[in-house]
Structure formats: structure tokens, C-alpha cells
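Notes follow once the structure below has been shown.
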Amino acid sequence: MAKITVFIADGTEEIEALTVVDLARRAGIEVDTVSVNDRTTITGSHNIKIILDAVIGQVEWNSVDMIVLPGGKVGVDNLKACTELTDKVKEFALAGKPVAAVCAAPSILGGLGILNGKRATCYPGFEDKLTGAEYVIEPVVKDGNIITSRGLGTSIQFAAAIIEYLDGKDAAEEVLNQIISCGGN
């Protein structure tokens, strides 16, 4: 079973983070939610408190198949300030392991120099922070091991792209069909 780790900080856009968690778990993907602080409770960008699974110092990196970075301006600034996380994001990307980022979070990838020669998207107004990338206006952009998405309104498509990357198109379509039927759990 694939395992993703969603990194969440104070100021993270709650829907961007939790949509990935919810849909990936529905697809049978193991998901850890991890704080970049020394506490497992964070406050999202809309003052919603979220209790996370672990703090970054507890991550067993060799068991992580994908890193996911949600947006929210303050949340992204807090993620970017965590050197352990940014070092691992760069290490993953350079090793060809998948990294996914939505909204303002692709700016972290641009700042780390891992978007060079890649197609990417982000929240409008952050295009200049996608250093080295070819900016594309699409809901979700997949280029090799990098997945980027525009924002809250594309969260379901972003989560589906992550599921498809890890488990295939059929798994992603199954989850999408499940959530639009009246009987979804």
C-alpha cells in the first residue's frame, strides 16, 4: 500500500489539506498528517483546529512514498520555514520520488529549484515564484514526479491526481464516482 505524508502548519488552507487526506484514505492509501511544529494541533487559515497524526521529528522518511504540501499563504510560509521539510522535499524531488503541492505551495518547489524545465501551476499571483517552470493555467499539472494544482477550488482534482499517480486511473475514478453518488461514506 502506498503512503503519503501531508505536511500541515498553522495557517494551512484546511480544505486543500483535508480533501487529499479524505480521498486518499477512501482509495486505501495510507496517509499521515504531520505538523512542522512541535505540537500535533494546528490552527488552519480559517481558525479551524486540526489534530494531526505526528510531528515532523517522528516521520520515518523511508516509509513515505509521496510528500504533499497544501497551500494557504501563512501555512506555506510556515512550511517553507521548516528546513527539515524543505531539505526532504528537495531530496525526494531530485531522487524522482513524487511531490505534490497546491495553491501557494508550488512556490516552495520553485524556491528550491526543483521546477526547472517542468510544467507547473499555482494560485494566481504566485506565478513569479515558480522559478524555472513553464507556468500553465490548468486545474492540475503533472510533470514527471511533480504534481501542482491551483487552489481550493481544484482540491478534489488535486487529490484525484495524487491517487492516480500512486494507484492508477481506475482507483482515482472509483473514488470520484463514490463521492458524487448519494451513498458515499
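The values are calculated or read from the model by the stated rules, or taken from the named source; none is laboratory data. Predicted model, so just to flag it, every value in this text is computed and none were measured. Note that we place each Cβ from the backbone using ideal geometry, even for glycine, and neighbour counts take in every protein chain shown.
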Somewhere in region 84-103, is a residue of a type in the set (Asp, Glu) and closer than 21 Å to residue 162 by Cβ? yes
Can you pull out every residue in region 1-12 that is among the aliphatic types (A, V, I, L, M) and in a strand (DSSP E or B)? 4, 6, 8
Can you spot a residue in region 13-30 that is farther than 16 Å from residue 71 by Cβ and in a strand (DSSP E or B)? yes
Could you give every pair whose Cβ atoms fall below 6 Å, whose first residue belongs to region 21-49 and is without any contact (Cβ under 8 Å) to a residue 24 or more places away in the chain and over 19 Å from residue 76 (Cβ atoms), and whose second residue is assigned to a loop (DSSP other than H, G, I, E, B) and among the hydrophobic types (A, V, I, L, M, F, W, C), counting only separations of at least 6 or pairs across chains? 40/52
I'd like to verify a number: residues in region 50-79 that are part of a loop (DSSP other than H, G, I, E, B) and under 12 Å from residue 36 (Cα atoms), how many? 3
Given the residues 118, 90, which is the only one that is under 20 Å from residue 36 (Cα atoms) and either modelled with pLDDT of 95 or more or among the aromatic types (Phe, Trp, Tyr) (or both)? 90
Would you pick out the residues in region 58-75 that are out of contact with any Phe, Trp or Tyr (no Cβ under 7 Å at 6 or more places or on another chain) and of a type in the set (Gly, Ala, Ser)? 63, 72, 75
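With the requirement that a residue be in contact (Cβ under 8 Å) with a residue 60 or more places away in the chain, in contact with a Gly (Cβ under 6 Å, 6 or more places away or on another chain) and not small (Gly, Ala, Ser), what does region 1-20 give you? Talk me through it step by step, then tell me what you get.
Our first condition is that a residue be in contact (Cβ under 8 Å) with a residue 60 or more places away in the chain; within region 1-20, this holds for 2-13, 15-16, 19-20.
Checking the rest, the ones that are also in contact with a Gly (Cβ under 6 Å, 6 or more places away or on another chain) come to 9, 11-13, 16.
Scanning region 1-20 gives 12, 13, 16.
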State yes or no: is residue 28 under 28 Å from residue 172 (Cα atoms) and surrounded by 24 or more Cβ atoms within 10 Å (Cβ to Cβ)? no
Say we look at region 57-73 and pick out the residues that are over 15 Å from the mean Cα position of the chain (by Cα) and of a type outside the set (Asp, Glu); which of these is nearest to residue 2 (Cα to Cα)? 63
